[in-house]
1. Between the alpha-carbon centers of the stretch 68-146 and the stretch 1-43, tell me the distance in whole angstrom.
2. Using +1 at the C-beta of Lys and Arg and -1 at the C-beta of Asp and Glu, which of 86, 11, 67 has the Cα lying farthest in the positive direction of the dipole of the chain?
3. Size of the chain along its principal axes in angstrom, Cα-based, largest extent first?
Amino acid sequence: MPSNQPEQLRSLLQSVRTIALVGASNKPQRPSHEVMAYLQQQGYRVLPVNPRLAGEPLLGETVAADLASLPCRPDLVDVFLAPERTDAVIDEAIELGIPALWLQIGVINETGAARAEAAGLTVVMDRCPKREIPRLGLEQRDTTPE
């Protein structure tokens, strides 16, 4: 059962330092770009993953082609992909021993989530950390645009 209870989300978000953002976009109007920038403002190191943008800079980080290409193992994988495209990412997260998997709003993969949980990963599904952080009172600083 995915960890969607407030105390579980709060604990996860407080323990995480490095997040791999799969499906990162270099287009500022895309939700993945907005969420990446927000998470950086909150003090997380966010490592973008997108095979089409691999090697390019994005918000101060270099985009990786996949999770295995990241410069370090993240604490959490935040997935911005269509549900039918998440199985390979979930399997890679399991294989690499990444502790937590976060599937964004509308990204629902029950069998993949069950597989990840069976492998010991903490799983959050159909939620967005950009919404959960303020809701849980975890914002680190003012994030209003200047």
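Since every read-out is calculated from the coordinates, none of them should be taken as a lab result. Being a predicted model, the structure only gives us computed values, none of them experimental. When we count neighbours, we look across all protein chains shown, and the Cβ atoms used for this are built from the backbone with ideal geometry, even at glycine.
1. Spelled out, the Cα-based centre of one part sits 7 Å from the other.
2. Positive-end residue among those listed: 11.
3. 43, 35, 26
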